[in-house]
Amino acid sequence: MRTSTAPETVAELIARQWGDHRPGLMYEDTERRVLTRHRTAQESAARAALLVDLMPPEAEPHLGVLLDNTPEFPFWLGAAALARAAVAGINPTRRGPELARDILHTDCRLLVTERAHLPLLRGLDLPGVRLLVTGTEEYEALLAPYAAAKPGEATLGTPGPASRLLLYFTSGSTGAPKAAICTQGRLAAAGSALARRFSVTPDDVHYVCMPLFHGNAVIADWLPALAGGATVALRRRFSASAFLDDVRAYGATYFTYVGRAVQYLLATDPRPDDREHTLRLGFGTEAGAVDAARFAERFGVRLVEGYGATEGGASVQRTPDTPPGALGRAGAGDDLAVIDPETGRACPPAVFDGDGRLLNGGEAIGELVNRGRSLFEGYWRNPGAEAARTRDGWYWTGDLFFRDAAGFLYFAGRTDDRLRVDSENLAAAVIENILARWPRAAAVAVYAVPDEVAGDQVMAALALNEGAEFAPDAFAEFLAAQPDLGTKMPPRYVRVVPSMPVTATNKVHRVALRRAAFLPQPPSAAAAQAPPNDAAQPRPAGTAPAHPDPVWHRTPDGEYHPLDAVALTALLAKYEAQNRTHLLHP
């Protein structure tokens, strides 16, 4: 194993912990526990040796990990790195055939799980997959002979920068998830770069509350801690209500977030001691400039928004002169452009009013494309998806952006979240940012629903602040007062939800919202989450709210009225007359 100060593999980062008896891993079991860095390397080495002995010689060296954020997860990540194997992070909110598909598609011959997730596997046909259930006597007996193993003693081959380490599923909104390939070299470099960027030291504690089966927690939280020598503190599942208590108990200095996690934290009841903690930084994506400012004001913690997909195809680098709302510029050597996918030409620069509001979104917003070098390493056994991502020799991110005259880039949503209203292209994220200014809104999601004649209509889901009610007149007045809300942007339909339905990575579950459209039913019960104060678990199927979420529709005079049975019947008749009813049931 190399011992240089700039490790080229994750295996080296794991091995470097050997003999280091400073705190390395903290977690909550029946009580709060602390393991040294040496002990975490020791546990990974033991599992690497077990993995080598259990992996069939003819198999791809892949193991699935279906775990919450327990110590076993980083142990097995380290084991795979040491053994030159790869981990497929398995999403515990997947069900039935979809869950089986994820495991089999990534050619996992071992599946590490825990008792709590065994019901998910019941009845699944998983030929050739051996199950290891952590915390059981059988599991401990399997590990016992390898307790004295050391890093590098048992491998399936010498780990190198090109060795696969992660097969992590992307969270695309349509089709089967794609397993992005991440090599040890790219991951080690990413962890080291973030450790340098945020000046990570052994005095830091990285609080990992986002799920480890997702790239954010591994690449932006766990790996920088390894590279900088920081302690890792695990939260089994994200809980907004427990966040500050955890931060104080662990002495956490850094955390990452994705999706609506920041909004959930802001939705908790303010406390007089909100600023009494050790946090110095949060790093993530999709918080938005408004909520980032609110978070800094309330908790005294700076949030740094970043951009970089698990695939590694493009990244945006933040510089000290980055203006509010922007993510930064292209990194050194990158050639990032905002391209109109219909014409293939670069979009014109954004135009802002005196308050920094975008005035020409229709022409300035396009897809972010990397026309230069790309770190994209492909998708596991999905050549069609690879070709779509790298067409014309460029890397197409699938994300909407706009660029100002100085070259700073601003995130505007996913290409799947683009709407076409009256032949005009709109970006859902731009409308969301405007609606988020409404003081009564705790969370906002904007998405397309089919128009009864052609194209799309704008629909919004609103989760309101505690104690607030949807006031149609006040909402219409608010919209009329927004100078950057184009004439086609006001939502035609508004669904008021008790809490925003989200995926396991706290991203808005737009598929569920689009499927529900304006019909009198709540979003997918399987996707609906607990209230924002404790958003951690998906609501089990069959336990949807007893009453549908109220839906309001906008009439030509700009007023909002309940979409009652009479209005809904008349609306559906228009779809039937245009032979477009089937579009309401994607």
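Quick grid of which residues meet (1) among the hydrophobic types (A, V, I, L, M, F, W, C); (2) without any contact (Cβ under 8 Å) to a residue 40 or more places away in the chain:
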{"site": "GLY259", "(1), (2)": "no, no"}
{"site": "THR268", "(1), (2)": "no, no"}
{"site": "ASP273", "(1), (2)": "no, yes"}
{"site": "ALA292", "(1), (2)": "yes, yes"}
Practice task
Tell me, please, whether a residue that is part of a strand (DSSP E or B), of a type in the set (Asp, Glu) and modelled with pLDDT under 95 can be found in region 282-304.
Solution key: no
Practice task
May I ask you to verify whether ALA388 is out of contact with any strand residue (DSSP E or B) (no Cβ under 7 Å at 6 or more places or on another chain), among the hydrophobic types (A, V, I, L, M, F, W, C) and either assigned by TED's automatic domain parsing to the domain that holds ALA88 or over 28 Å from GLY455 (Cβ atoms) (or both)?
Solution key: no
Practice task
For ALA176, indicate whether it is over 25 Å from HIS38 (Cβ atoms), touching a residue at least 60 places away in the same chain (Cβ under 8 Å), surrounded by 24 or more Cβ atoms within 10 Å (Cβ to Cβ) and in the same structural domain as VAL87 (by TED's automatic domain parsing).
Solution key: no
Problem - Qualifying residue in region 152-162 (condition: closer than 25 Å to ALA233 by Cβ, in contact with a Gly (Cβ under 8 Å, 6 or more places away or on another chain) and in contact (Cβ under 8 Å) with a residue 24 or more places away in the chain) - result: no
Exercise for the section: Please work out which one of (1) of a type outside the set (D, E, K, R); (2) in contact (Cβ under 8 Å) with a residue 24 or more places away in the chain; (3) surrounded by fewer than 24 Cβ atoms within 10 Å (Cβ to Cβ) is the condition PRO57 fails and give its number. Expected result: (2)
Problem - Matching option when the condition is modelled with pLDDT of 95 or more, not basic (Lys, Arg) and not assigned by TED's automatic domain parsing to the domain that holds THR503, among PRO127, PRO97 - result: PRO127
Fill in the blank from the handout: Within region 511-529, residues being over 18 Å from ARG260 (Cβ atoms), modelled with pLDDT under 80 and in contact with a Ser or Thr (Cβ under 7 Å, 6 or more places away or on another chain) number 1
Exercise for the section: Would you confirm whether any residue within region 216-238 is modelled with pLDDT under 95, touching a helix residue (DSSP H, G or I) at 6+ places or on another chain (Cβ under 9 Å) and among the aliphatic types (A, V, I, L, M)? Expected result: no
Handout entry: Index of the failed condition, GLU98 passing every other in (1) under 21 Å from the mean Cα position of the chain (by Cα); (2) surrounded by 15 or more Cβ atoms within 10 Å (Cβ to Cβ)
Key = (2)
Problem - Filter result for LEU375 (under 22 Å from the mean Cα position of the chain (by Cα), within 22 Å of PRO349 (Cβ to Cβ) and at pLDDT 90 or above) - result: no
Problem - Residue that is in contact with a helix residue (DSSP H, G or I) (Cβ under 7 Å, 6 or more places away or on another chain), buried (at least 17 other Cβ atoms within 10 Å of the Cβ) and on the phi < 0 side of the Ramachandran plot, where the choices are LEU126, LEU142, LEU120 - result: LEU120
Handout entry: The lone exception for ALA154 - which of (1) among the small types (Gly, Ala, Ser); (2) at pLDDT 95 or above; (3) more than 20 Å from TRP18 (Cβ to Cβ) it fails
Key = (3)
Handout entry: Residue under evaluation PRO349, criteria (1) farther than 14 Å from TYR395 by Cα; (2) part of a strand (DSSP E or B), criterion not met
Key = (2)
Exercise for the section: Within region 443-491, track down each residue that is of a type in the set (S, T, N, Q) and either within 18 Å of GLY413 (Cα to Cα) or modelled with pLDDT under 90 (or both). Expected result: GLN457, GLN482, THR487
Exercise for the section: Check region 231-243 and report whether any residue there is surrounded by 24 or more Cβ atoms within 10 Å (Cβ to Cβ), touching a Phe, Trp or Tyr at 6+ places or on another chain (Cβ under 8 Å) and in a helix (DSSP H, G or I). Expected result: no
Completion exercise
Scanning region 319-328 residue by residue, the ones that are surrounded by 19 or more Cβ atoms within 10 Å (Cβ to Cβ) and under 22 Å from ALA190 (Cα atoms) total 3
Problem - Answer residue from region 7-41, given it is in a helix (DSSP H, G or I) and either of a type in the set (Val, Ile, Thr) or free of Cβ contacts under 8 Å to residues at least 40 places away in the same chain (or both) and is surrounded by the most Cβ atoms within 10 Å (Cβ to Cβ) among those - result: VAL10
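The rows are residues; the columns are (1) out of contact with any helix residue (DSSP H, G or I) (no Cβ under 8 Å at 6 or more places or on another chain); (2) buried (at least 22 other Cβ atoms within 10 Å of the Cβ).
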{"residue": "ILE431", "(1), (2)": "yes, yes"}
{"residue": "ARG437", "(1), (2)": "no, no"}
{"residue": "ALA445", "(1), (2)": "no, yes"}
{"residue": "GLU452", "(1), (2)": "no, no"}
{"residue": "ALA476", "(1), (2)": "yes, no"}
{"residue": "LEU485", "(1), (2)": "no, no"}
{"residue": "ARG492", "(1), (2)": "yes, no"}
{"residue": "ALA504", "(1), (2)": "yes, yes"}
Exercise for the section: Could you tell me whether region 206-229 includes any residue that is among the aliphatic types (A, V, I, L, M) and under 25 Å from GLY384 (Cα atoms)? Expected result: no
Practice task
Could you check how many residues of region 244-254 are surrounded by 21 or more Cβ atoms within 10 Å (Cβ to Cβ) and either touching a helix residue (DSSP H, G or I) at 6+ places or on another chain (Cβ under 6 Å) or among the charged types (D, E, K, R) (or both)?
Solution key: 0
Practice task
For PHE169, state whether it is in the same structural domain as PHE75 (by TED's automatic domain parsing), crowded, with 16+ Cβ neighbours inside 10 Å, in contact with a helix residue (DSSP H, G or I) (Cβ under 8 Å, 6 or more places away or on another chain) and of a type outside the set (Gly, Ala, Ser).
Solution key: yes
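The values are calculated or read from the model by the stated rules, or taken from the named source; none is laboratory data. Here the structure is a predicted model, which is why all the values come from computation and not from measurement. We place every Cβ from the backbone using ideal geometry, glycine too, and count neighbours over all the protein chains shown.
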